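Visitor: What follows is a single structure, and I will ask about it in a moment.
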Amino acid sequence: MKMKSIKMKNTETESVERNSTEMKSLETMSFSQKQYLKSLDRRRHRIWSARILIFILFLLLWETAVRQGWIDGFIFSSPSRVANAFVRMWADGSILVHTRITLLETFASFALVVLLGVGCAVLLWYNRALSEVFEPFLVVLNSLPKSALAPLLIVWLGANLKSIIVSGVSVAIFGTILNLYTGFREMDPESSKLIYTLQGTKKDVLFKVLLPGTLPLLISIMKVNIGLCLVGVVIGEFIGAREGLGYLIIYSSQIFKLDYLILSIVILCVIAVLLYGMLSLLEKKCSRMGY
């Protein structure tokens, strides 16, 4: 009995020591992970600090060059002149009107690109013969310079909101269809075979394999398309608009108000960054959800 009790005590002691060793290793791993995350944060902060510093130095150099007469302020403007133009246009509300119009046109064209792109890609995947017929045409249309279509759209549809939205759609729609269709074809065939083995249909493959599996690809394409739609909208506004940032750029260049022109370009850059950031947040959220 004494031997048994001694063995039991030894076993309990060994288990306690083993548990304490595992806890220490976990604590050590946790500390090392924290250090690694802190190093990543420090690196991220350094990168952002460098970006902000470069941007501030660029603005200072630009302003100094104009004030010292190194470059012509009438042609190149300056940060202070652009800021004054923004204050004036903010006071009369005109900059808000132009920005709102461009944003609405961009969102409308982007929504149409997503809906039409997904729908057409699904249709091509569903009907292989249809894809073999139309794929060369899509490649040609995707390679065509979209700025060449804008004057034609103005003639066909008139100088109105519809032609500008269609101009934004035309820039991104063909690439969206081709990329999504390629993603559908490259999906794991074993998953599709499993659905068919379980007496599933092509519809089940679409909704349970293809669409969930290509969601990261769709969001990646959307991140590119939001900028392309903005470019297409601005091209349309160049030709057939009376409002919007594209119209403001053309009008400012014609009357040599380059402060307004550069201000419009700066606002377009800010809009592009914000829209891209929104889709990047959506991508991170989907990755956390396991997609």
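Visitor: Probe radius 1.4 Å, ligands and nucleic acids left out: which of 135, 105, 63 has the largest accessible area, and how do the rest follow?
Guide: The residues order as 135, 63, 105, largest area first.
Visitor: Could you size up the charge dipole of the chain around its Cα centre, putting +1 on the beta carbon of Lys and Arg and -1 on that of Asp and Glu, and report it in debye to the nearest 20?
Guide: Here the chain has a charge dipole of around 1140 debye.
Visitor: Still on this structure, please answer the following. Could you work out what % of the accessible surface of the chain is carbon and sulfur, using a 1.4 angstrom probe and leaving DNA, RNA and ligands out of the count?
Guide: 68 percent
Visitor: Of 202/223; 223/285; 208/284, which pairs sit farther than 23 Å apart, going by alpha carbon to alpha carbon?
Guide: Exceeds cut-off: 202/223.
Visitor: Something else now. Compute the accessible area per residue over the chain, keeping the other protein chains in place, probe 1.4 Å, unit Å².
Guide: Dividing the accessible area of the chain by its residue count gives 65 Å².
Visitor: Between 255, 271, 245, whose Cα lies farthest towards the positive end of the dipole of region 209-291 when Lys and Arg beta carbons carry +1 and Asp and Glu beta carbons carry -1, centred on the Cα centre?
Guide: Checked the options; the winner is 271.
Visitor: Right, next: Given R₀ = 30 Å, FRET efficiency for residue 265-residue 217 by Cβ-Cβ distance, to 0.05?
Guide: Computed FRET efficiency for residue 265 and residue 217 comes out at 0.45.
Visitor: Under a crude label model (7 Å from the Cα following the beta-carbon direction), how far is residue 100 from residue 61 in nanometres?
Guide: It is 3.9 nm.
Visitor: Taking N as the number of residues in region 186-291, what is its alpha-carbon radius of gyration divided by 2.2 N^0.38 Å?
Guide: 1.65
Visitor: Pairwise over distinct Cα atoms, reciprocal of the mean inverse distance: report the Kirkwood radius of region 43-136 in Å, one decimal place.
Guide: It works out to 18.4 Å.
Visitor: What number, in percent, do you get for the relative contact order of the chain if the mean sequence gap of Cα pairs under 8 Å and at least 6 apart is divided by its residue count?
Guide: Over the chain, the number comes to 22 percent.
Visitor: With everything on Cα atoms, drop me the angle between helix 94-126 and the longest principal axis of the chain, reported from 0 to 90° to the nearest 10.
Guide: In the chain, helix 94-126 runs at an angle near 60 degrees to the longest axis.
Visitor: With no solvent and one point on each alpha carbon, what is the Debye value of log10 I(q)/I(0) for the chain at q = 0.11, 0.12 Å⁻¹?
Guide: -0.88, -0.97
Visitor: How much FRET efficiency would the formula 1/(1 + (r/R0)^6) give for residue 156 and residue 72, where r is the Cβ-Cβ distance and R0 is 41 Å, rounded to 0.05?
Guide: 0.50
Visitor: How many nm is it between the label spots at residue 86 and residue 284, if each spot is 7 Å from the Cα in line with the beta carbon?
Guide: Simple spin-label model gives 2.4 nm for this pair.
Visitor: Okay, moving on. Where does the chain land at 222 nm, in deg cm²/dmol rounded to the nearest 500, when only DSSP H runs of n ≥ 4 count, each adding -39500 (n - 2.57), divided by all residues?
Guide: -29500 deg cm²/dmol
Visitor: Would you please name the trypsin sites (Lys or Arg not before Pro) within region 209-291 that are DSSP coil residues with at most 15 other C-beta atoms within 10 Å of their C-beta?
Guide: 242, 257
Visitor: Same structure, new question: Can you tell me what percent of all Cα-Cα pairs in region 148-231 are more than 15 Å apart?
Guide: Counting every Cα pair in region 148-231, those more than 15 Å apart make up 65 percent.
The values are calculated or read from the model by the stated rules, or taken from the named source; none is laboratory data. None of the values given here were measured: they were computed from a predicted structure. Every residue, glycine as well, gets a Cβ built from its backbone with ideal geometry; the counts of neighbours run over all protein chains shown. We work out accessible area using only protein heavy atoms, side chains counted, and drop any ligands, DNA or RNA first. Shrake-Rupley method; radii C 1.70, N 1.55, O 1.52, S 1.80 Å.
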